[in-house]
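See below for the structure under consideration.
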Amino acid sequence: MVERAMALGREAESMIRALALISAEEGHLTRLYLTPEHRLAADLVRRWMAEAGLDVSEDALGTVRGRLAPESGGRNSVQRLLIGSHIDTVIDAGAYDGALGVIAGILAVREVIKKHGRMPFGIDVLAFGDEEGSRFPATLLCSQAVAGRFDPASLQVESVDGVKLEDALRAYGKDPAEIPAAAYEPGEAVAYVELHIEQGPVLEQADEALGVVTAIASQSRHSVTVVGEAGHAGTVPMNLRRDALAAAAEVALAVETLAQRNADDFMVATIGKLSLSPGASNVIPARVVFTVDLRSQTDARRIEAMNWLREEILAIARRRRVTAWIERTHEAVARPCDPALQAGFATTIGRHGGKSAIHLPSGAGHDGQAVGAMCPIGMLFVRCRGGISHNPAEFTSVRDMGLAVAAMIKFIEGFDPARLGRLRRADD
């Protein structure tokens, strides 16, 4: 079993490296949605799916789907287990984020086909194209469409280079009018599972290769604008200044304090982008615009925290005689992972490791947040070195990837849609 897992891990690593070669920048991995690089990556994934024995198609938003039909006459002939992740990247990315989940799904289903032919239920492996939101100011577009939750207004959003999503889709060879057909029929998708690198240090600190995800964090992103008054850096006394940057700096400390006070809820808060004007070394900043990314394991705690922060920002603005306002740019609800799917992953991990599986939340967003509006979701985390992600130093070992694929195989073999239904009804 260990030798087979290592072989699967080496195969996964080879495929990871092949995908990583597809990039808009030589020497850096950048693969954005609906670009020529996305097309090349999607074509490679299509080839791998076909070679694994899956029937391959692609929907109107570019999601590549590899389908395994259920066994003939099976009692679950309508129901499908979905396995997926994404093939887009951030700018200057690591090679494992998203890609490993797609590759692991393909390898796992290939092995199931070799051993069993077909299962009593159908299986779809999904390669989404827009999880990161690196090109357009929207995320989870592909998985929202799969879940029947795509907002047509998103077609009008513009990329950083001024291209509307609708126009980008047409240039990619897609018809936006066909997007509704990307959705699964009610009851068709019985569950969605995703294998992903942890993107954090918990598994490494616990010396565990794999972990079971309990929930995907609730998150919101806001744009904060602070407007003061420009002035000469040498002639305006400190007590008479209306310094927008000084006010923003006080807000930054409030953001940090907010998350520290709610650490029991795994709350984190980040100011990741800031711009100021006029932007001269001898001029007091008159205008500052910055982002606030707030994440929590529960929607209620996140909303409560954001309400507190909004009042704090306004109080700081009054005290410093500046003007401030806050605009929400993104929101995703917390998405708990289904107890039955958690139990299924825990069982497969136990078989490999000989001990109870570690359970942990995901602070990062994933396609499962969107798909979870349609069906139960589950996630399996894989250890990554140093907890580093969204960084060229991102790394997961061959051994851990092999154990992850082996666990996914066992999960598929033990999956029973009927049992999932019974456990969910017991929890209702």
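Coordinate-derived values only; no laboratory data. If you're wondering where the values come from, they're calculated on a predicted model, not measured in any experiment. Backbone-built Cβ (ideal geometry, glycine too); neighbour counts: all protein chains shown.
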Exercise for the section: Compute the Rg/Rh shape ratio of the range 370-417: radius of gyration over Kirkwood radius, all on alpha-carbon atoms. Expected result: 1.08
Completion exercise
For the range 398-404, Karplus-derived ³J(HN,Hα) couplings (6.51, -1.76, 1.60; θ = phi - 60°; whole Hz; x for glycine and proline) come out as 4, 4, 5, 5, x, 5, 5
Handout entry: Relative contact order (percent, whole number), the chain, Cα cutoff 8 Å, 6+ residue spacing
Key = 23 percent
Completion exercise
Using alpha-carbon positions, the gyration tensor of the range 127-166 gives root eigenvalues a ≥ b ≥ c; with a/c under 1.5 called rounded, otherwise prolate if a/b exceeds b/c, else oblate, the class is oblate
Exercise for the section: Using label points projected 7 Å from each Cα along Cα→Cβ, tell me how many nm separate Leu276 and Ala233, to one decimal. Expected result: 0.9 nm
Handout entry: Given (i) 60, 60, 43; (ii) 82, 48, 41; (iii) 58, 48, 47, the label whose value is Cα extents along the principal axes in Å derived from this model
Key = (ii)
Handout entry: Over the range 222-287, relative contact order from alpha-carbon pairs under 8 Å, at least 6 apart, %
Key = 48 percent
Fill in the blank from the handout: For Lys410, the lysines lying under 23 Å Cα to Cα, once residues fewer than eight places off in the same chain are dropped, come out as Lys114, Lys115, Lys355
Exercise for the section: Taking just the C-alpha trace of the range 102-175, give me its Rg and Dmax in Å. Expected result: 16.4, 49
Completion exercise
Along principal axes, largest first, the alpha-carbon spread of the range 218-332 in whole Å comes out as 48, 22, 18
Fill in the blank from the handout: Filtered hits (lysines, Cα-Cα < 24 Å from Lys164, offset >= 8 within chain) -> Lys174, Lys273
Problem - Built amide H within the under 5 Å cut-off of Met379, gap 5+ - result: Glu194, Val213
